[in-house]
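A.B. asks: One structure follows; several queries about it will come next.
Derivation of every value follows stated rules applied to the coordinates shown; laboratory data play no part. Every value quoted in this text rests on a predicted model; they were computed, and no experiment measured them. FYI the Cβ positions are ideal-geometry reconstructions off the backbone, even for glycines, and counts take in every protein chain you see.
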Amino acid sequence: MKVKNTKSQKQHKTHKTETGTLAEEIETYGVNDLISFLEKQKGLDYDDAEIIRKEKINGHAFLKFTTKKFRDCGMPGGTAMILADFAKECKEKKSRAFSSYRTKKDLKEVLEKYGAGRIEDIPQFSPRIHKIDEKDESFLHCLKDIRIKLSNMGTVNQSNEAIRCEYISAILHACVHITKNLTGKYIRINPQFEIIGGESTGRVDYAIGALEELFCITEGKQFQIDIGFAQNIMQCESAYRTNKRKQKADDAFYDYIFGIVTTATEWYFLLYTPDGISCTSKNPLSIRFVESALKEGSEEEKELYKSVKRVMEVIVGLLKDRVDVEKMPVVKKQRVCSYFEE
């Protein structure tokens, strides 16, 4: 006997997907974006960059260029061959998975790409916080949820990543809800959201954004915060490129993405822009999820509430900033600069 599918019986996807390849990403590059990309990937020098600029070679044209075409533009023979081979490689190359960045060598390569030798060398920025009322409904709901999880799962000490993500999720959901109420803007949180853009691809633990934009990417870890940094930087870079592709932007496009690297007990924040990265590695926030905090009126309970509120105020501040900022590149640049003003 055949059974008709009802609405309740239909399967629904638990995550959204962004499809694409490295070649499709390069297709969106304007002249300046292509030059920047080739400078990072192939050490393109000033003279060769000027040839590309003069000939107005964008990403679409680059992928079709051969050694002869580069030579016809006045490119030196060696450079022409290198760029032509690289264009062919890009058309065949698959983007690297975020999860594959898992060694000290990978971390070093990612940091060097942004001019840093160690995490401690990354420029610092000061997140703009938004004070949360202690009686805020979403805040109180979050605390109640955390208490239930603590009661069911116990102290977070040697807990695995899945358990830690239970607490991360509770905090992020509350922050998104508070931000929606504050701004009246459409904003969503998508667990296990897949992003493909530029060099890397894969699912991120949590992506927060609107219909056509990603605002904030969170990477949850059991430990290994340093590897979390490498993965989150590449995730933010891909999110930036995804935003640019979806908005069909030109060379004037400018955007910034916030990143969060956390074990639930430690919280680090990143700011990604096409000009570079900055973070709060020297001033992480911490939360102690201990069963003794379940005792009403205890010092542990007070400290738990205080530390959760402090983390949420930073996240809400970042989300509110990103949701409210105007789309004009000059305004976004000014907003980013304000994070470094004393």
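A.B. asks: Note down the magnitude of the dipole of the chain about its Cα centre, charges +1 on Lys and Arg C-beta and -1 on Asp and Glu C-beta and zero elsewhere, to the nearest 20 debye.
C.D. replies: Working: 56 positive and 52 negative charges, 272 e Å.
Charge dipole, the chain, about its Cα centre: 1300 debye, nearest 20.
A.B. asks: Below 8 Å between Cα atoms, with a sequence gap of 6+, how large is the relative contact order for segment 18-130 in percent? Before the final figure, lay out the partial values.
C.D. replies: Numbers: 78 pairs, mean separation 28.9, N = 113.
It rounds to 26 percent for segment 18-130.
A.B. asks: State, to one decimal in nm, how far the label point of T66 lies from the label point of F340, with both points 7 Å from Cα in the Cβ direction.
C.D. replies: 4.5
A.B. asks: T201's amide H: which non-local residues (gap 5+, or another chain) put their own amide H closer than 5 Å, with H modeled 1.01 Å from N in plane and none for Pro or chain starts?
C.D. replies: Counting only residues 5 or more places away or on other chains, the set is R96, A97, F98.
A.B. asks: Quick one: what Rg and Dmax do you get for the chain from the alpha carbons, in Å?
C.D. replies: When restricted to the Cα atoms of the chain, Rg and Dmax are 22.4, 78 Å.
A.B. asks: Follow-up question, since we're still on this one. Select from G43, T280, A210 the residue farthest towards the positive end of the dipole of the chain; place +1 on Cβ of Lys and Arg, -1 on Cβ of Asp and Glu, and compute about the Cα centre.
C.D. replies: A210
A.B. asks: Further question: Label segment 111-255 by shape, choosing from rounded, prolate and oblate, from the square roots a ≥ b ≥ c of the eigenvalues of the Cα gyration tensor; if a/c is under 1.5 it is rounded, and otherwise prolate applies when a/b is larger than b/c, oblate when it is not.
C.D. replies: Oblate is the answer for segment 111-255, as a/c is 1.5 or above yet b/c matches or exceeds a/b.
A.B. asks: Can you work out ³J(HN,Hα) from phi for every residue in segment 205-217, in order, using Karplus 6.51 cos²θ - 1.76 cosθ + 1.60 and θ = phi - 60°, giving whole Hz and x for Gly and Pro?
C.D. replies: Karplus values, whole Hz, x for Gly and Pro: 4, 8, 10, 10, x, 10, 4, 10, 9, 9, 9, 8, 10.
A.B. asks: Are there GluC sites (Glu not before Pro) in segment 61-169 that DSSP marks as loop and that have at most 16 other Cβ atoms within 10 Å, and which are they?
C.D. replies: Listed in order of number, the matching sites are E134.
A.B. asks: Output ³J(HN,Hα) for segment 58-63: one whole-Hz value per residue in order, computed from phi by the Karplus curve 6.51 cos²θ - 1.76 cosθ + 1.60 with θ = phi - 60°, and x for Gly and Pro.
C.D. replies: 9, x, 4, 5, 4, 5
A.B. asks: So what is the relative contact order of the chain, in percent, for Cα pairs below 8 Å that sit 6 or more residues apart?
C.D. replies: Relative contact order here is 20 percent.
A.B. asks: Taking amide hydrogens as modeled 1.01 Å from N in the peptide plane, which residues meet the under 5 Å criterion relative to L270, leaving out close sequence neighbours?
C.D. replies: Answer set, sorted by chain and number: G259, I260, V261.
A.B. asks: To the nearest 20 debye, what is the magnitude of the charge dipole of segment 22-94 about its Cα centre, counting +1 on the Cβ of each Lys and Arg and -1 on the Cβ of each Asp and Glu?
C.D. replies: 240
A.B. asks: Could you give the size of the charge dipole of segment 115-227 about its Cα centre, using +1 on the Cβ of each K and R and -1 on the Cβ of each D and E, expressed in debye and rounded to the nearest 20?
C.D. replies: 380
A.B. asks: Another question, if that's okay. Can you give the calculated 222 nm mean residue ellipticity of the chain, where each DSSP H run of n ≥ 4 adds -39,500 (n - 2.57) and the sum is split over every residue, rounded to the nearest 500 deg cm²/dmol?
C.D. replies: Working: 12 runs with 161 residues, N = 342.
Helices in the chain give a 222 nm mean residue ellipticity of -15000 deg cm²/dmol.
A.B. asks: Past the 23 Å Cα-Cα mark, which pairs from K68/K88; K88/K108; K282/K306?
C.D. replies: The answer is K88/K108.
A.B. asks: Between the helical axis of 329-338 and the dominant principal axis of the chain, each derived from Cα atoms, what acute angle in degrees is found, rounded to the nearest 10?
C.D. replies: Computed tilt is about 50 degrees.
A.B. asks: Using per-residue counts of other Cβ atoms within 10 Å, averaged over each peptide, order 320-329, 229-238, 181-190 from highest down.
C.D. replies: 229-238, 320-329, 181-190
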